[in-house]
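Reading through the structure tokens given below for one structure.
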Amino acid sequence: MNILVIGGGGFIGSHLSEEILNRHSDWYLTSIDIDSQKVSHLLGNKNFNFVSLDILKESVEEHVKRCDVVLPLAAIANPATYVTDPLRVFELDFEANLRIVKLAVKHNKRLIFPSTSEVYGMCTDVDGFDEEASNCVTGPICKQRWIYSTSKQLLDRVIYAYGDRLNYTLFRPFNWIGPRLDNIESAGHSRVVTKFLSDILRGRNLVLVNGGQQQRCFTYISDGIDALIKILENENKCAERKIFNIGNPNNELSIRSLAEKILYMARNYRSLQKHLDGVSIVEMDSADYYGGSYQDVTRRIPSIRRAKECLGWEPIVGIDDLLQRTMDFYFKW
Ligand code: NAD
């Protein structure tokens with residue numbers, strides 16, 4: 001099978017590439033990205049071809065033509081950018097990805113597309129969000145943080161609308177975490193776990209936005225990748241024209257508990273010990289932290305019934321293990 005991963009040099013793309021090359025010697029991978037750092041260890045593999053290309057500037061049509069299946073993973077998935085540069089999010093996450101979706105239709109290629117848990121927005125279902133039944137609830141237009149959620153949601157709807165003309169699978173990651181998630185050395189914005197790790201490394205306080213009462217279900221990257229491999233394998237067409245939540249409902253934690261856990265575990269790492277005296281957990285209003293166009297999501301629990309039934313998939317890595325493996329990567333290497 002010839003697989004095209006666009007944004008393949010990112011967190012999910014790099015782990016997926018590694019696992020594909022480990023498990024399937026007859027699968028060939030073309031990875032497109034503007035950054036090859038996270039896949040530098042794969043560059044010598046004969047089944048792996050890295051193409052440096054900016055999808056905002058160049059077409060990927062020739063690559064789509066040559067593959068059997070395409071995974072468009074390039075996106076900005078960072079809450080701070082949703083409010084500081086919403087149009088950049090729209091141009092990459094929506095416009096550039098829509099062009100790829102249309103190419104998949106035009107050349108009759110299978111499409112595996114990353115939706116997101118964010119599409120459920122402020123859905124209040126407490127027993128787990130259901131891919132086919134739960135509402136997608138977003139806020140007013142002035143709350144620009146919804147640009148990411150609605151960009152993804154509209155692509156979900158477009159892909160679904162192609163119906164019989166497109167062989168697709170949509171997957172919705174719920175806070176996938178692990179090694180290589182973000183660069184914690186750079187001062188840039190990153191996702192919550194790596195933001196806290198980066199703050200500790202700099203001796204800065206861990207900031208809880210709106211008290212850190214928001215609950216999230218954290219999923220270890222290897223569990224997420226297992227699901228993606230099953231989707232790619234597509235045994236008996238089990239993944240075709242389906243939407244799957246891929247998350248770990250057993251790893252639900254408030255952001256406050258997450259900060260406390262990370263701070264506690266940080267004592268085990270020599271490179272962090274010297275910074276810990278200066279680090280506390282503090283609270284900040286979301287309007288002061290993100291600006292007025294932010295809005296929060298309180299709880300987000302996936303129903304994974306469909307992934308269990310259709311893919312035979314279940315996550316196995318618990319929250320403590322997940323955090324330890326991630327911190328080991330950043331601070332023991
Ligand atoms: P990531 O930021 O680590 O990877 C995205 C990659 O896209 C990066 O390597 C980046 O260099 C590349 N890219 C950005 N602009 C590009 C351009 N113009 N041309 C070519 N490449 C470009 O993100 P990720 O965590 O690997 O997420 C992959 C996908 O999964 C995204 O669509 C994201 O929205 C979705 N997703 C991820 C999570 C998660 O928990 N990680 C959750 C929900 C959805």
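Taken together, the values in this text are just the output of simple stated rules run on the coordinates, not laboratory data. What you see is a predicted model, and the numbers here were worked out from it, not measured in a lab. Here the Cβ is made from the backbone with ideal geometry for all residues, glycine too, and neighbour counts use every protein chain on show.
Treat the chain as a sphere of radius equal to its Kirkwood radius over Cα pairs and apply Stokes-Einstein at 4 °C in a medium of 1.567 mPa s; give the translational diffusion coefficient in µm²/s, rounded to a whole number.
63
Would you mind counting up the charge near PRO114? Only other residues with Cβ under 12 Å from its Cβ, with Lys and Arg at +1 and Asp and Glu at -1.
After counting each charged neighbour, the total is -1.
Within 10 Å of each candidate Cβ there may be at most 14 other Cβ atoms; applying that plus a DSSP loop requirement, which trypsin sites (Lys or Arg not before Pro) in the range 165-212 survive?
Here the sparse-neighbourhood loop sites are ARG202.
If I model a spin label as a point 7 Å beyond the Cα along the Cα-Cβ vector, how far apart are those points for GLN324 and SER52 in nm?
Here the answer is 4.0 nm between the modelled labels.
May I ask for the net charge around GLU233, where only other residues with Cβ less than 13 Å from the Cβ of GLU233 are counted and Lys, Arg are +1 while Asp, Glu are -1?
That works out to -2.
Compute the label zone of TYR162 within the range 230-246: residues whose backbone N is under 17 Å from the point 7 Å along Cα-to-Cβ.
Under cut-off, by backbone N: 232, 239-244.
Name the residue from SER36, ILE231, ASN250 whose Cα lies farthest towards the positive end of the charge dipole of the chain, charges +1 on Cβ of Lys and Arg and -1 on Cβ of Asp and Glu.
Value: SER36.
Hey, which lysines would be in cross-link range of LYS152, C-alpha to C-alpha under 28 Å, not counting anything within fewer than 8 residues on its own chain?
LYS152 reaches LYS38, LYS57, LYS65, LYS102, LYS106, LYS109, LYS143, LYS195, LYS230, LYS237, LYS242, LYS308.
With charges set only on the Cβ (+1 for Lys and Arg, -1 for Asp and Glu), what does the dipole of the range 75-332 come to about its Cα centre, in debye to the nearest 20?
580
When Lys and Arg each count +1 and Asp and Glu each count -1, what net charge do the other residues less than 14 Å away from ILE147, Cβ to Cβ, add up to?
-1
Report the Rg/Rh value for the range 215-295, based on alpha-carbon coordinates and the Kirkwood definition of Rh.
1.15
Using label points projected 7 Å from each Cα along Cα→Cβ, tell me how many nm separate ASN108 and MET265, to one decimal.
4.8
Just tell me, in residue order, which DSSP H segments of the chain are both 15 angstrom or longer along the helix axis (alpha-carbon based) and at least 0.5 in mean Kyte-Doolittle hydropathy.
Helix filter hits for the chain: 221-233, 255-266.
For a quick check: sort TYR294, TYR148, TYR269 by the number of other beta carbons within 10 angstrom, fewest at the front.
TYR269, TYR294, TYR148
Among ALA307, LEU103, GLN153, flag the residue with its Cα farthest along the positive direction of the charge dipole of the range 75-332, charges on Cβ as +1 for Lys/Arg and -1 for Asp/Glu.
Of the listed residues, the answer is LEU103.
Let me make sure I get this right: for the range 148-192, a, b and c are the square roots of the gyration tensor eigenvalues over alpha carbons, sorted descending. Under 1.5 in a/c it's rounded, otherwise prolate if a/b > b/c, else oblate. Which is it?
Prolate, since a/c reaches 1.5 and a/b exceeds b/c.
Only Lys, Arg, Asp and Glu count, each charged at its Cβ (+1, +1, -1, -1), so figure out the dipole size of the range 82-125 about its Cα centre, rounded to 20 debye.
For this selection, approximately 460 debye.
Taking the alpha-carbon centroid of each part, what is the distance from the range 35-85 to the range 95-154 in angstrom?
First find each Cα centre; the distance between them is then 20 Å.
Tell me which of ILE316, GLY163, TYR289 sits at the most positive position along the dipole axis of the range 75-332, charges placed on C-beta atoms (Lys, Arg +1; Asp, Glu -1).
Selected residue: GLY163.
Using C-alpha positions alone, give me the convex hull volume of the range 108-251 per residue in cubic angstrom.
Output value, Cα hull per residue: 153 Å³.
Take every DSSP beta bridge whose two residues both sit in the chain, then give the antiparallel share in percent to the nearest 5.
Details: 3 of 36 bridges.
Within the chain, antiparallel bridges account for around 10 percent of the total.
If you take the square roots of the eigenvalues of the alpha-carbon gyration tensor of the range 1-149 and sort them as a ≥ b ≥ c, do you get rounded (a/c under 1.5), prolate (a/b over b/c) or oblate?
Prolate is the answer for the range 1-149, as a/c is 1.5 or above and a/b outweighs b/c.
I'd like the GluC sites (Glu not before Pro) in the range 122-221 restricted to DSSP loop residues with at most 12 other Cβ atoms within 10 Å, sorted by number.
GLU132, GLU185
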